[in-house]
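A short worksheet on the structure shown next.
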């Protein structure tokens, strides 16, 4: 694990194709370490979450290559490794799962619903409208609050209540959201102790599982 962050730190300072080619062996070693971590977490999480039990690590790992077509930033490589342990496709899944983000100074475990289309947003809000009590109950659990706090993360939210929902709705702040995410940030030093890292992430994933399953019910019902 201790090969991952040093490689990413150097990549952030040398984000160009020539440097990457000269350091491809370092990349391969770091990438394999992420795959190994992903495989272990699939096994650990799969013991309590059957939705992800049979995933392949290679299907969960995101490519390090950036799509620069519509970006002002033309650097060719991401500055992080990301792996998404989620039902129905791993990193291609539209369902909630367990996203592991490894980046110097910004390591985290996240989950929830990221960037749904407009129809998906309407569908999710409809589920919140009738099932918010069960969501509040999940978010009030001590283990959930320990790792993820008492609020969900959202990068884009309406200023006014969405059409059809009253301003005094008990879950109005959740209804205003356009993404519904959890985030648990952890210290980079955990990557120097693989067993401690795996235990920590497994416990955090266990705390997040009821929320993840709630999100998936919202998408399926």
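The values are calculated or read from the model by the stated rules, or taken from the named source; none is laboratory data. This is a predicted model, so every value here is computed, not measured. In this analysis, Cβ positions are derived from the backbone assuming ideal geometry, glycine residues included, and neighbour counts consider all displayed protein chains.
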Next item on the list: Filter the stretch 94-123 for residues that are farther than 20 Å from residue 178 by Cβ and buried (at least 21 other Cβ atoms within 10 Å of the Cβ) and give the result.
Entry: 98, 100, 102, 107, 109
Next item on the list: Tell me which of these residue 104 doesn't satisfy, since it passes every other one: (1) within 27 Å of residue 16 (Cβ to Cβ); (2) in contact with a strand residue (DSSP E or B) (Cβ under 8 Å, 6 or more places away or on another chain).
Entry: (2)
Notebook entry, point to check: Within the stretch 45-55, is there a residue that is within 30 Å of residue 75 (Cα to Cα) and either in contact (Cβ under 8 Å) with a residue 60 or more places away in the chain or surrounded by fewer than 17 Cβ atoms within 10 Å (Cβ to Cβ) (or both)?
Noted result: no
Notebook entry, point to check: Which residues, counting only those in the stretch 94-113, are part of a strand (DSSP E or B), on the phi < 0 side of the Ramachandran plot and in contact (Cβ under 8 Å) with a residue 40 or more places away in the chain?
Noted result: 98, 100, 102, 107, 108, 109, 110, 111, 113
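Based on what the data block shows, is residue 212 free of Cβ contacts under 8 Å to residues at least 12 places away in the same chain and surrounded by 15 or more Cβ atoms within 10 Å (Cβ to Cβ)?
So residue 212 does not fit the description; no.
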Next item on the list: Report whether or not residue 121 is under 20 Å from the mean Cα position of the chain (by Cα) and without any contact (Cβ under 8 Å) to a residue 60 or more places away in the chain.
Entry: yes
Check: With respect to the numbered conditions (1) without any contact (Cβ under 8 Å) to a residue 40 or more places away in the chain; (2) buried (at least 16 other Cβ atoms within 10 Å of the Cβ); (3) touching a helix residue (DSSP H, G or I) at 6+ places or on another chain (Cβ under 8 Å), which one is the sole condition not fulfilled by residue 176?
Finding: (3)
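Residues that are within 23 Å of residue 88 (Cα to Cα): find the helices (runs of 4 or more DSSP H) completely inside the stretch 1-77 holding 1 or more of those. Steps first, please.
Numbers: elements: 4-13, 17-22, 24-46, 57-60.
Hits in the stretch 1-77: 24-46, 57-60.
Here is a yes/no grid of residues against (1) part of a loop (DSSP other than H, G, I, E, B); (2) surrounded by 13 or more Cβ atoms within 10 Å (Cβ to Cβ); (3) touching a strand residue (DSSP E or B) at 6+ places or on another chain (Cβ under 7 Å); (4) free of Cβ contacts under 8 Å to residues at least 24 places away in the same chain:
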site: 125; (1), (2), (3), (4): no, yes, no, no
site: 135; (1), (2), (3), (4): no, yes, no, no
site: 162; (1), (2), (3), (4): yes, yes, no, no
site: 165; (1), (2), (3), (4): yes, yes, no, no
site: 169; (1), (2), (3), (4): yes, yes, no, no
site: 184; (1), (2), (3), (4): no, yes, yes, no
site: 197; (1), (2), (3), (4): no, yes, no, no
site: 202; (1), (2), (3), (4): no, yes, no, no
site: 205; (1), (2), (3), (4): no, yes, yes, no
Check: When residues of the stretch 78-93 are filtered for being surrounded by 15 or more Cβ atoms within 10 Å (Cβ to Cβ) and in a helix (DSSP H, G or I), how many remain?
Finding: 2
Next item on the list: Of the conditions (1) out of contact with any strand residue (DSSP E or B) (no Cβ under 8 Å at 6 or more places or on another chain); (2) within 18 Å of residue 202 (Cα to Cα); (3) modelled with pLDDT under 95, residue 90 clears all except one; give me its number.
Entry: (1)
Note to self: Just to be sure before I move on: is residue 148 closer than 12 Å to residue 112 by Cβ, surrounded by fewer than 16 Cβ atoms within 10 Å (Cβ to Cβ) and under 20 Å from the mean Cα position of the chain (by Cα) in the structure I sent?
What the structure shows: no
Notebook entry, point to check: Only one residue in 39, 33 is crowded, with 19+ Cβ neighbours inside 10 Å, over 23 Å from residue 218 (Cα atoms), at pLDDT 95 or above and out of contact with any strand residue (DSSP E or B) (no Cβ under 6 Å at 6 or more places or on another chain), so which one is that?
Noted result: 33
